[in-house]
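The values are calculated or read from the model by the stated rules, or taken from the named source; none is laboratory data. Not measured: the values here are computed from a predicted model. Note that each Cβ is placed from the backbone with ideal geometry, even for glycine, and that neighbours are counted across all protein chains shown.
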Amino acid sequence: LWAKYAGKINLMLILSCPPHLDKPDLKFPNGDTIHLLADNHHFADVDIQDQTAWLGVPMLHASGTGHFESTLPLSTLSVIGLLIRLPRQLIKYIGKAKTAKISATFGDHSKIVDANGEKVTSVGKPNEDGVAVATIEIPETTPMPTRPQPKMRTAGQTYFVVDKVNAPLMRGIYRQALNKHK
């Protein structure tokens with residue numbers, strides 16, 4: 001994805017709202033809570049800074065704040081997918097998957113980053129609304145990367161689950177919801 005922008009932009013504006021589903025909690029009505037650690041890196045922490053530094057462009061990232069909680073989409077399948085990470089803890093919950101809620105916080109990801117990938121400022125309050133304001137230099141000419149593209153720190157398994165598993169599954173759910181509102 002990032003390579004497609006090489007030599008074509010002079011500023012990266014990212015609007016995304018990813019909760020920390022790399023470190024979510026699964027909550028069950030009986031009070032049981034399972035803390036999951038799916039990944040040690042959230043792409044909005046440093047991956048986007050590494051990639052925009054490689055592109056040689058500054059970046060503005062606007063993201064959500066607060067606390068996310070939702071029922072599990074395709075709940076039984078979701079819990080089965082999480083079994084890979086915590087088989088002993090989750091096996092007994094497969095039958096209770098439909099009652100589970102997944103929750104996570106949002107990080108301090110609303111930020112302004114310079115063309116070197118250094119965070120100039122951020123909202124600074126992961127769970128509160130706020131504003132980040134800074135002056136950055138936007139290159140007059142479109143820069144080209146001068147070194148190899150950095151590897152993503154977010155685990156490949158995370159990308160696989162998000163891009164290859166969840167995205168196709170969610171398209172059907174989104175279409176159903178859209179059709180209900182037509």
remark   = The residue from Leu74, Leu36, Leu11 that alone is in contact (Cβ under 8 Å) with a residue 40 or more places away in the chain, under 18 Å from Phe106 (Cβ atoms) and not aromatic (Phe, Trp, Tyr) is Leu36
Condition broken by Ala44, with the remaining ones in (1) under 12 Å from the mean Cα position of the chain (by Cα); (2) farther than 25 Å from Thr121 by Cα; (3) aliphatic (A, V, I, L, M) satisfied = (2)
request  = Kindly establish whether Asn166 is touching a His at 6+ places or on another chain (Cβ under 8 Å) and modelled with pLDDT under 80.
outcome  = no
remark   = A careful count of residues in segment 1-45 that are more than 30 Å from Ser75 (Cα to Cα) and out of contact with any strand residue (DSSP E or B) (no Cβ under 6 Å at 6 or more places or on another chain) gives 10
note = Residues of segment 8-47 being within 24 Å of Gln149 (Cβ to Cβ) and in contact with a Gly (Cβ under 9 Å, 6 or more places away or on another chain), in sequence order, are Asn10, Ser16, Pro18, His42, Ala44, Asp45, Val46
